[in-house]
Amino acid sequence: MINQQLFIDMGISQRTKHGQEICGDVFKYSQIPGEQRLAAVLSDGLGSGIKANVQASICSTMALKFVTENMEMSRSAEIIMQALPECQVRKISYATFTIVDTNLNRQTRIVEMGNPQFILIRDDAPVEIPYKELKPEKWENRDLRFYDFKIQVNDRLVFFSDGITQAGIGSNKSPMGWQADACAKYLTKTVKAKPELSAHELADCVIREALRNEKNYQPADDMSCAVLYFRKPRKMLLFSGPPFDHSRDAQCAKRFDSFAGDKIIAGGTSSEIIARELKKEITLDNTSLAHNAPPISVMEGVDLVCEGVLTLTRVAELLEENYHGDTFSPAGKMIEIFLRNDVITFLVGTRINEAYQDPKMSTELEYRRNIIKRIAKDLKENFLKEINIEYI
């Protein structure tokens, strides 16, 4: 979600318990555009595998529905707890949850039941947020925490399952696990070192650090970390494919040059147009030759110059495969640029490449269009990016 002053950058990173194929943690979210609201739920099913996933899915689906329909949060939590069975052995709920309801007016409400307490990073330091605690008589072993506060620009809201805070528990390095205080210190250190870190990157950092506490980097429990980063919008432009009419090359290059934000060129002909019209030099990046993909190039003022259709296809595949931080390949570099920006414009040329096919055929053109549509759809639906596609 976005307006001129604020963007809610959302990132989620998960790892499944070693030996399991299905994660017992479930994260769901919903945008309510008319109200400029974002609702998000992280539920942790008891145990792991399919049974845990089913319980967490039921919990998160109910919670999301109640929040989007503006049901009072304490009543929502009560209904969820009534619906969730209790483990007769351990006397705890079959699923825990964190529910976040926030909007572009910065008002934020959170309710937690069983999950670790969220961490709010503000001005490079964790901030304590007051809460109301409720211990329902009917559920003696379930504590509810309610928060109602105002978010500030550049705040980072981090919430996670106990697979994070219990990472390495019983080990010599972390006998009590990676507890919340240690996690907060790590977040503070990471944000100070990289102030521009996106929500997705920060969530991945938390998971990787938690894994360092585990034996052989193998998670002993499902791990999930979600981050909401409230900041001013960032913009980027991707140019791929030459314009339909040669006479528009100069106009296209001028627009690309004047764009204020990150810039990517995807395609050999596209990069030649920009270099020719702006009188810039293209040089091959020899360090990118060993990544089983066409090498990237370097051009002054451009964040990434790479091959077109093959790289874009790999980007679409990585996004659809629940991308986890391949920052070395051209496709991985492109995704990292996508994820650190909020408003993404695709400038797509419609000239058919006469060097490779019959100019009467439009297969390559349609393929490029379809790949970009796949990428745009994934970025919009799974990463809350605002997307513009322009054909030239």
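Residue pairs whose Cβ atoms lie under 7 Å apart, sitting 6 or more positions apart in sequence or on different chains, and linking a residue in the stretch 54-83 that is free of Cβ contacts under 8 Å to residues at least 24 places away in the same chain and farther than 17 Å from ARG145 by Cβ to a partner that is open to solvent by less than 30 Å² (accessible area, probe 1.4 Å) and aliphatic (A, V, I, L, M), are MET62/ILE80. Considering each residue of the stretch 21-30 in turn, at least one proves to be open to solvent by 60 Å² or more (accessible area, probe 1.4 Å), among the β-branched types (Val, Ile, Thr) and closer than 20 Å to ALA226 by Cα. Quick one: would you say GLY241 is touching a Ser or Thr at 6+ places or on another chain (Cβ under 9 Å) and closer than 20 Å to ASP25 by Cβ? Here the answer is no, as GLY241 does not meet what is asked.
Taking the stated definitions as given, is PRO195 within 28 Å of LEU6 (Cα to Cα) and modelled with pLDDT of 90 or more? Taking the combined requirement at face value, the residue satisfies it. Filter the stretch 31-48 down to the residues that are among the small types (Gly, Ala, Ser) and open to solvent by less than 60 Å² (accessible area, probe 1.4 Å), then identify the one that is farthest from LYS235 (Cα to Cα). So the residue we want is GLY47. For the stretch 293-302, does any single residue satisfy the condition of being modelled with pLDDT of 90 or more, assigned to a loop (DSSP other than H, G, I, E, B) and under 21 Å from ILE371 (Cβ atoms)? Yes, the conditions are met somewhere in the stretch 293-302.
For ALA290, the criteria (1) hydrophobic (A, V, I, L, M, F, W, C); (2) surrounded by fewer than 17 Cβ atoms within 10 Å (Cβ to Cβ); (3) at pLDDT 90 or above hold in every case but one, which is (3).
Here LEU284, LEU310, LEU365, LEU339 are screened, and the one residue that is open to solvent by less than 80 Å² (accessible area, probe 1.4 Å) and either at pLDDT 85 or above or polar (S, T, N, Q) (or both) is LEU339.
The residues of the stretch 258-292 that are touching an Asp or Glu at 6+ places or on another chain (Cβ under 8 Å), hydrophobic (A, V, I, L, M, F, W, C), touching a residue at least 24 places away in the same chain (Cβ under 8 Å) and not in a helix (DSSP H, G or I), listed by number, are ILE264, ALA266. None of LYS51, LYS65, LYS132, LYS17 is open to solvent by 40 Å² or more (accessible area, probe 1.4 Å) and closer than 25 Å to CYS205 by Cβ except LYS17. Within the stretch 120-131, the set of residues being over 12 Å from ALA180 (Cβ atoms) and in a loop (DSSP other than H, G, I, E, B) comprises ASP123, ASP124, ILE129, PRO130, TYR131. Only one of the listed residues (PHE149, PHE159) is of a type in the set (Phe, Trp, Tyr), closer than 30 Å to LYS215 by Cβ and out of contact with any helix residue (DSSP H, G or I) (no Cβ under 6 Å at 6 or more places or on another chain). That residue is PHE159.
The values are calculated or read from the model by the stated rules, or taken from the named source; none is laboratory data. Since the structure is predicted, the reported quantities are computational estimates derived from the model, not experimental observations. Neighbour counts are summed over all protein chains in view; Cβ atoms, including those assigned to glycine, are modelled from backbone coordinates with ideal geometry. Note: accessible area is taken over every heavy atom of the protein model, side chains too, but ligands, DNA and RNA are not part of it. Shrake-Rupley method; radii C 1.70, N 1.55, O 1.52, S 1.80 Å.
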